[in-house]
Amino acid sequence: MASESGRAQMTVVDWLLDSDPAIRWQVMRDLLDESAEAVAMERARVANEGWGGRLLALQRPDGHWGDDASNPEWITFLALFQLRDMGLDPRSDEARRAVGLVRSNLTWHWWGKRFFDGEVEPCINGRVLAISAYLGEDSHGLVDRLLGEQMADGGWNCEQENGSTRGSFNSTINVLEGLLEHERATGADPTVTASRERGHEYLLERRMLRRRSTGEVIEPEFVQLSSPITYHYDVLRGLDYLRAAGASPDARVAEAVEIVKSKGGGDGRWPIDIVHDDDLQFDMGEALGKPSRWITLRALRVLSWAREV
């Protein structure tokens, strides 16, 4: 007979599975350890059903999402990142069509650069790298630029060109995710791996949320769990990145892990603490203060990874 905790866990997993293909395939892979074939079959549905299919259908014939004439590439940037988070198979016909339209039509209009070549700020370019690598675009130029912009403390900062000499968590996590996606797409590279490991130390030396100089929490938002994530840092995002990167948890993540644990509701589900106003064109139906399938999925897989801390 299942224990009380076992029955509660299955109830949460059933709730996660009673959802969109974008959630289901990741639950099957990360929490249930189902076969690669079963996971791939469920993942393939993202391109045509539910959130993924609906978001793809919103792309305009000129490759854009949204109608913001002042910054049209920004909404497209966010839409592509949502599709990556959903797990759209980059080899699918639907993905290739969407990518082709973006490649042929979009530029960063402030800089005159092609969309997949990125712009000038490492916080943005880290995200562009993650999208480009995931979707099969050549990302070596962005990698070279970002490797050259890593700071002495191991981090990155969007204000580097304005004189900043210290990394920031928001910029650093964006770059780290991009570099990891690049290595997944092209294979391990000792130079890239070493850069990421320096970035890991930047996060870990600060216990995933604190100033190295004073020990204070850097930003209140770092302990507020959000969904969608877009480009904002919080402790769950940082921990989930380390998990995905295959890093071994150590005592320096313990406080962040306890914060994630403390955010869970009594029913084993995690609510949304904060919603960022990021001009997203697609609503997945989750609401502030309500249980979030995205946050619950990420929390459960992070806690499984960190169970020995």
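Name the residue farthest towards the positive end of the dipole of the range 63-305 from the options TRP65, PHE116, ILE173, assuming +1 on Cβ of Lys and Arg, -1 on Cβ of Asp and Glu, about the Cα centre.
ILE173
Hey, what number do you get for the chain at 222 nm if only DSSP H runs of n ≥ 4 count, each worth -39500 (n - 2.57), divided across all residues, to the nearest 500?
On the way: 13 runs with 158 residues, N = 309.
Value at 222 nm, helices only, nearest 500: -16000 deg cm²/dmol.
Give the peptides 288-299, 85-96 in descending order of average Cβ contacts within 10 Å, highest first. Each step should come with its number before you reach the end.
On the way: 288-299: 19.9, 85-96: 18.2.
Put in order of decreasing packing, that is 288-299, 85-96.
Using 0.36 nm per residue of separation minus the Cα-Cα distance, give me the extension gain between ARG91 and MET41 in nm, one decimal. Could the numbers behind the result be given before it?
On the way: separation 50, 0.36 × 50 = 18.00 nm, distance 1.35 nm.
Using 0.36 nm per residue and subtracting the Cα-Cα distance, I get 16.7 nm.
Fewest to most neighbouring Cβ within 10 Å: what's the order for LYS263, LYS113?
Values: LYS263 19, LYS113 15.
The most exposed by this proxy come first: LYS113, LYS263.
What dipole magnitude, in Debye to the nearest 20, does the range 63-305 give about its Cα centre under +1 on Lys/Arg Cβ and -1 on Asp/Glu Cβ?
Values: 28 positive and 39 negative charges, 141 e Å.
It comes to approximately 680 debye.
Can you give the relative contact order of the chain as a percent, counting alpha carbon pairs under 8 Å and 6+ residues apart? Intermediate values should be presented prior to the final figure.
Numbers: 436 pairs, mean separation 44.1, N = 309.
Normalised by residue count, the contact order of the chain is 14 percent.
In what sequence do ASP144, ASP273 fall when counting other Cβ within 10 Å, fewest first? Please list the in-between numbers first.
Values: ASP144 11, ASP273 18.
Least to most surrounded, the residues fall as ASP144, ASP273.
What is the dipole size for the range 40-193, taken about its Cα centre, with +1 at each Lys and Arg Cβ and -1 at each Asp and Glu Cβ, in debye to the nearest 20? Provide the component values of the computation, followed by the final result.
Numbers: 15 positive and 24 negative charges, 81 e Å.
Roughly 400 debye, rounded to the nearest 20.
Which aspartates and glutamates have a Cα lying under 16 Å from the Cα of LYS263, excluding residues fewer than 8 positions away in the same chain?
GLU221, ASP234, ASP240, GLU255, ASP273
Would you calculate the separation in nanometres between label points at LEU58 and GLU216, each defined as 7 Å from the Cα along the Cα-to-beta-carbon direction?
So the label points at LEU58 and GLU216 sit 3.8 nm apart.
Quick one: compute the contact order of the range 100-204, relative version, from alpha carbon pairs under 8 angstrom and 6+ residues apart, as a percent.
Averaging sequence separation for qualifying contacts and normalising by length gives 27 percent for the range 100-204.
Given R₀ = 51 Å, FRET efficiency for SER304-SER104 by Cβ-Cβ distance, to 0.05?
Working: r = 42 Å, r/R0 = 0.82.
After rounding, the FRET efficiency stands at 0.75.
Quick one: if you stick a label point 7 Å off each Cα along the C-beta vector at HIS140 and TRP111, how many nm between them?
2.0
Starting from the 7 Å offset along Cα-to-Cβ, what nm value, one decimal, do you get for the label separation of GLU201 and THR11?
So the two model labels end up 4.6 nm from each other.
Would you mind ranking PHE116, PHE169 so that the residue whose beta carbon has the fewest other beta carbons within 10 Å leads the list?
Least crowded to most crowded, the residues run PHE116, PHE169.
What FRET efficiency, computed as 1/(1 + (r/R0)^6) with R0 = 25 Å and r the Cβ-Cβ distance, is obtained for THR165 and ALA194, rounded to the nearest 0.05?
Details: r = 21 Å, r/R0 = 0.85.
Once rounded, the FRET efficiency stands at 0.75.
No lab work stands behind these numbers, since they all come straight from the coordinates. What you are looking at is a predicted structure, and each value in this text was computed from that prediction instead of being measured. All Cβ positions, even for glycine, are placed from backbone atoms using ideal geometry, and neighbour counts span all protein chains on display.
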